[in-house]
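The values are calculated or read from the model by the stated rules, or taken from the named source; none is laboratory data. Not measured: the values here are computed from a predicted model. Note: ideal-geometry Cβ built from the backbone for every residue, glycine included; neighbour counts use all protein chains shown. Just the protein is used for accessible areas: all its heavy atoms, side chains included, with ligands, DNA and RNA removed. Shrake-Rupley method; radii C 1.70, N 1.55, O 1.52, S 1.80 Å.
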Amino acid sequence: MEIFKIVGLGITATILSVIIKQYKPEYGIHISIATGVIIFLLIVGKLASILKVMEQLTNKMEIDLIYVKSIFKIIGIAYISEFGAQVCRDSGEESIALKIEFAGKILIMVLALPILLSVLNLIVKLIP
Amino acid sequence: MAIDINMIFKIAAIGILVSVLNMVLKHSGREEMAMMTTIAGLIIVLFMIINIINNLFSTVRTMFEIY
């Protein structure tokens, strides 16, 4: 099972980064970034299959594909901005983390706007 | 690049090596050499980190179709 590999990887990386932090603090951040990316790349296969299944479901239900695509985009943007914000928070830069999250929220809002407008149009049409 | 556990060990090894070299050079009196090794180690690790982050971003871009 992958979970054992991932937990083992995470624990060894934490121990290594704690050891190195005493001598050279900046290498601790490098190790945490590398571990985060490696764990994500280990899981990316499963994530791709989940996304494919969701796409097949939407095709079956004839839901417009644009909505699902923008939902995937929003998930991607949320994940990347969360990744960056956590890395900055780990290294103690709280304000940079907040700025990254703020930018991520704005971008997600931009992507979610079309869906919002289409819902509002639908509601307006329903009202006699 | 082998995106795997040995990437982490490489970074840790470079970190330890640089700190040991620093101590040795400091005690032997060559301050500027110690600074040079620190910068060199940092640049090598930065290249590896940039490579691995580029890998992450391209994976996310292709999977979530963010263009």
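Brief remarks follow.
- Scanning the stretch B:46-67 for residues that are over 19 Å from residue A:48 (Cα atoms), at the interface with chain A (Cβ under 9 Å from one of its Cβ atoms) and in contact (Cβ under 8 Å) with a residue 40 or more places away in the chain yields a count of 2.
- Condition broken by residue A:8, with the remaining ones in (1) open to solvent by less than 80 Å² (accessible area, probe 1.4 Å); (2) within 24 Å of residue B:61 (Cβ to Cβ) satisfied: (2)
- Residue A:69 loosely packed, with under 14 Cβ neighbours inside 10 Å and either within 30 Å of residue B:22 (Cα to Cα) or among the charged types (D, E, K, R) (or both): no
- For residue B:14, the conditions (1) under 30 Å from residue A:73 (Cα atoms); (2) in contact with a helix residue (DSSP H, G or I) (Cβ under 8 Å, 6 or more places away or on another chain) are fulfilled apart from (1).
- The stretch A:91-128 - residue that is charged (D, E, K, R) and under 17 Å from the mean Cα position of the chain (by Cα) and, of those, farthest from residue A:18 (Cα to Cα): A:105
- Looking across the stretch A:24-46, just one residue is facing chain B (nearest Cβ under 8 Å), among the charged types (D, E, K, R) and in a helix (DSSP H, G or I), and that is A:26.
- Test: residue in the stretch A:75-85 that is in contact (Cβ under 8 Å) with a residue 24 or more places away in the chain, outside the structural domain of residue A:20 (by TED's automatic domain parsing), open to solvent by less than 70 Å² (accessible area, probe 1.4 Å) and more than 26 Å from residue A:6 (Cα to Cα): no
- Any hit, the stretch A:33-49, residues being outside the structural domain of residue A:14 (by TED's automatic domain parsing) and more than 16 Å from residue B:64 (Cβ to Cβ): no
- Checklist (1) open to solvent by less than 60 Å² (accessible area, probe 1.4 Å); (2) farther than 19 Å from residue A:23 by Cβ; (3) not hydroxyl-bearing (Ser, Thr, Tyr) applied to residue B:57, failing item: (1)
- Among (1) at pLDDT 90 or above; (2) over 17 Å from residue A:44 (Cα atoms), the one test that residue B:6 misses: (1)
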